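Novice: One structure follows; several queries about it will come next.
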Number of protein chains: 2
Amino acid sequence: MKDLVLLKIGGSVITDKKKAFTENRKAINRLSKEIRKGYNPRRMKLILIHGAGSFGHHMVHKNKIHKGIRNSKQLVDFAETQTVQNRFNAMVTESLQSQRIPAIPILASSTAVMHNIRLKHMCLDGVKELLKIGMVPVLYGVPAVDTKQKCSILSGDMIMSWIGKELKPDKIIHATDVDGIYTADPKRSRKAKLIKEITLEDWRKIKNGLTGSSSVDVTGGMFLKVSEMITLAKLGISSQFINASRAGNVEKALKGKKVKGTLIKA
Amino acid sequence: MKDLVLLKIGGSVITDKKKAFTENRKAINRLSKEIRKGYNPRRMKLILIHGAGSFGHHMVHKNKIHKGIRNSKQLVDFAETQTVQNRFNAMVTESLQSQRIPAIPILASSTAVMHNIRLKHMCLDGVKELLKIGMVPVLYGVPAVDTKQKCSILSGDMIMSWIGKELKPDKIIHATDVDGIYTADPKRSRKAKLIKEITLEDWRKIKNGLTGSSSVDVTGGMFLKVSEMITLAKLGISSQFINASRAGNVEKALKGKKVKGTLIKA
């Protein structure tokens with residue numbers, strides 16, 4: 001039996017988050033090479049997920065479609081935002097393909113239905129069959145139809161949770177632009193300490209505010225990311241947070257080698 | 001109740017079929033304007049489907065993925081072919097969006113499962129919800145996973161038949177680069193006569209070869225296109241074949257005005 005591996009690369013790693021619509025081509029190409037070296041098709045089935053970074057956030061900040069659609073102009077904004085994500089995904093998949101990885105674009109919003117900013121359903125039949133023949137499906141954060149507010153954002157993190165629950169992968173690698181989960185925001189505080197491991201018991205204490213100075217950083221969406229992985233830990237799936245901006249980490253993690261980071265223990 | 005309209009634009013209309021990877025930008029932009037004029041969101045739900053034209057045929061002719069996958073290189077070909085289709089669809093949807101049409105890309109292969117070159121299943125839940133909020137889903141011909149030969153082509157025509165059967169549209173417009181169905185190939189024979197109407201009874205005669213000189217042209221895939229529309233006619237859905245290369249035809253057809261062409265009568 002091949003192991004099913006889920007690797008998510010954050011948008012902050014592969015785009016310049018400060019400049020709208022700007023890819024980090026150097027990082028994309030480096031990661032494609034790392035994935036080629038770390039991916040062993042004889043032993044592994046691989047699903048990739050990437051964030052939108054500066055191809056999504058700037059646009060949505062302006063058109064506000066994440067808060068729902070109130071006029072017909074926003075319907076066009078919704079469509080435009082989707083097309084831009086497909087263009088960015090084309091850059092990513094082309095880079096992977098140039099490394100001979102059969103990385104095929106999968107557009108989650110073509111089947112996803114959200115309700116009140118939560119994912120209600122997404123059909124994975126195609127993805128399952130693609131994995132069987134050795135393809136590497138590449139999903140990405142997208143705007144999606146919402147049966148309450150017409151449109152909301154189906155983020156890469158939400159896609160990862162959905163696939164985690166539905167396909168029960170053997171390994172989940174969550175690669176961002178920091179080393180892992182910290183006690184405070186490492187970009188703002190010098191006192192921030194990396195947490196090497198979070199167990200379900202630790203999480204209970206953290207949520208109840210019992211850990212004092214060693215509580216996890218709740219800024220920058222990291223809390224939400226951990227929270228989603230805790231849900232998977234409860235289903236028996238461990239995951240690890242690593243830094244994809246550091247060369248070699250993704251390759252090592254795919255190969256099962258030790259990488260600095262945070263382990264969320266099932 | 002709004003009418004559901006299904007409009008398919010053939011790849012030969014919006015690309016230069018002789019040159020690989022060459023869009024016909026003039027035709028794309030003209031058709032976007034025609035669709036904007038003909039599409040009335042208060043009375044109509046609209047689904048668009050486009051062919052791949054020179055973005056698909058040349059590539060597939062070379063990599064042969066339509067005949068199934070036999071080696072790992074072809075897995076990468078499959079992925080590459082998909083990404084190229086997404087890039088072409090981005091051109092088409094951007095043109096439509098510039099006319100303020102909320103044309104959202106829908107990647108059929110993200111959910112489709114084929115078996116032995118036939119479409120076995122495709123989830124339309126997302127498409128149905130998108131139509132409800134006033135979006136215009138844009139689907140397109142793509143390579144898709146095949147549970148027998150690993151990969152086959154899910155053409156725009158096959159997508160149209162599937163949606164026809166599943167969503168039972170009120171109107172189907174099949175726009176190609178000829179005026180409709182002929183008694184012979186109009187590009188080769190001067191004697192070719194346009195057939196204004198084909199009923200189920202006519203089709204029975206044609207298939208049995210009883211019509212002599214007025215039998216339909218079976219070259220160039222037209223027979224298959226008609227055959228698919230006949231299947232829908234049996235379900236009570238009429239369709240019309242028109243020429244989208246002639247300016248104004250698509251607009252007129254959307255508005256329900258008389259257009260030269262062939263009617264397949266339910």
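The values are calculated or read from the model by the stated rules, or taken from the named source; none is laboratory data. The model shown is predicted, which means the values in this text are computed figures rather than measured ones. For neighbour counting, all protein chains shown are included, and Cβ atoms are generated from backbone atoms with ideal geometry for every residue, glycine included. The accessibility values were calculated without ligands, DNA or RNA, using every heavy atom of the protein model including side chains. Shrake-Rupley method; radii C 1.70, N 1.55, O 1.52, S 1.80 Å.
Novice: Given the condition polar (S, T, N, Q), more than 23 Å from A:Ser109 (Cβ to Cβ) and touching a residue at least 24 places away in the same chain (Cβ under 8 Å), answer yes or no: does some residue in the stretch A:46-54 qualify?
Specialist: No, because not a single residue in the stretch A:46-54 is polar (S, T, N, Q), more than 23 Å from A:Ser109 (Cβ to Cβ) and touching a residue at least 24 places away in the same chain (Cβ under 8 Å).
Novice: Just give me the residues in the stretch A:1-28 being part of a helix (DSSP H, G or I) and more than 18 Å from the chain's Cα centre (by Cα), in sequence order.
Specialist: First pass over the stretch A:1-28, keeping only residues part of a helix (DSSP H, G or I): A:11-14, A:25-28.
Within the stretch A:1-28, A:Arg25, A:Lys26 qualify.
Novice: Here is a check on your reading of the model: is A:Lys37 more than 23 Å from A:Ser152 (Cβ to Cβ), open to solvent by 20 Å² or more (accessible area, probe 1.4 Å), under 21 Å from the mean Cα position of the chain (by Cα) and not aromatic (Phe, Trp, Tyr)? Break it down stepwise before answering.
Specialist: On the way: more than 23 Å from A:Ser152 (Cβ to Cβ): yes; open to solvent by 20 Å² or more (accessible area, probe 1.4 Å): yes; under 21 Å from the mean Cα position of the chain (by Cα): yes; not aromatic (Phe, Trp, Tyr): yes.
Criteria met by A:Lys37.
Okay, residues lined up against (1) touching a residue at least 24 places away in the same chain (Cβ under 8 Å); (2) of a type in the set (A, V, I, L, M, F, W, C); (3) more than 16 Å from B:Met160 (Cα to Cα); (4) open to solvent by 20 Å² or more (accessible area, probe 1.4 Å):
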{"position": "B:Ile28", "(1), (2), (3), (4)": "yes, yes, yes, no"}
{"position": "B:Lys64", "(1), (2), (3), (4)": "no, no, yes, yes"}
{"position": "B:Ile104", "(1), (2), (3), (4)": "yes, yes, yes, no"}
{"position": "B:Val127", "(1), (2), (3), (4)": "yes, yes, no, no"}
{"position": "B:Met135", "(1), (2), (3), (4)": "yes, yes, yes, no"}
{"position": "B:Val138", "(1), (2), (3), (4)": "yes, yes, no, no"}
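Novice: Against the conditions (1) in contact with a Gly (Cβ under 7 Å, 6 or more places away or on another chain); (2) surrounded by 24 or more Cβ atoms within 10 Å (Cβ to Cβ), where does A:Lys17 fall short? Just the number, please.
Specialist: All conditions pass for A:Lys17, except number (2).
Novice: Take the residues in the stretch A:145-183 that are small (Gly, Ala, Ser) and open to solvent by less than 30 Å² (accessible area, probe 1.4 Å), then tell me which one is farthest from A:Met222 (Cα to Cα). Outline the logic, then answer.
Specialist: Filtering the stretch A:145-183 for residues small (Gly, Ala, Ser) gives A:152, A:155-156, A:161, A:164, A:175, A:180.
Retained after the next criterion (residues that are open to solvent by less than 30 Å² (accessible area, probe 1.4 Å)): A:152, A:156, A:161, A:164, A:175, A:180.
On the way: A:Ser152: 20, A:Gly156: 13, A:Ser161: 14, A:Gly164: 18, A:Ala175: 12, A:Gly180: 9 Å.
Looking at the filtered set, the residue picked out is A:Ser152.
Novice: Please enumerate the residues belonging to the stretch A:44-59 that are in contact with a helix residue (DSSP H, G or I) (Cβ under 9 Å, 6 or more places away or on another chain) and assigned to a helix (DSSP H, G or I). Spell out the reasoning first.
Specialist: Kept after step one, since they are in contact with a helix residue (DSSP H, G or I) (Cβ under 9 Å, 6 or more places away or on another chain), are these residues of the stretch A:44-59: A:44-57, A:59.
Once the filter is applied, which keeps residues that are in contact with a helix residue (DSSP H, G or I) (Cβ under 9 Å, 6 or more places away or on another chain) and assigned to a helix (DSSP H, G or I), the stretch A:44-59 yields A:Gly53, A:Ser54, A:Phe55, A:His57, A:Met59.
Novice: Can you give me the number of residues within the stretch B:37-81 that are at pLDDT below 95 and at positive phi?
Specialist: Final tally of qualifying residues: 1.
Novice: Only one residue in A:Leu4, A:Leu46, A:Leu31, A:Leu96 is touching a Phe, Trp or Tyr at 6+ places or on another chain (Cβ under 6 Å) and over 29 Å from A:Lys150 (Cα atoms). Which one?
Specialist: Values: A:Leu4 fails: touching a Phe, Trp or Tyr at 6+ places or on another chain (Cβ under 6 Å); A:Leu31 fails: touching a Phe, Trp or Tyr at 6+ places or on another chain (Cβ under 6 Å); A:Leu96 fails: touching a Phe, Trp or Tyr at 6+ places or on another chain (Cβ under 6 Å).
Among A:Leu4, A:Leu46, A:Leu31, A:Leu96, only A:Leu46 is touching a Phe, Trp or Tyr at 6+ places or on another chain (Cβ under 6 Å) and over 29 Å from A:Lys150 (Cα atoms).
Novice: Does B:Lys191 fit the bill of being open to solvent by 40 Å² or more (accessible area, probe 1.4 Å) and either out of contact with any helix residue (DSSP H, G or I) (no Cβ under 9 Å at 6 or more places or on another chain) or modelled with pLDDT of 90 or more (or both)?
Specialist: When the stated conditions are applied, B:Lys191 does not pass them.
Here's the yes/no breakdown for (1) in contact with a strand residue (DSSP E or B) (Cβ under 7 Å, 6 or more places away or on another chain); (2) over 20 Å from B:Gln74 (Cβ atoms):
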| site | (1), (2) |
| --- | --- |
| A:Ala52 | yes, yes |
| A:His57 | no, yes |
| A:Val60 | yes, yes |
| A:Ile69 | yes, yes |
| A:Val76 | no, yes |
| A:Ala79 | yes, yes |
| A:Val136 | yes, no |
| A:Leu139 | yes, yes |
| A:Ala144 | yes, yes |
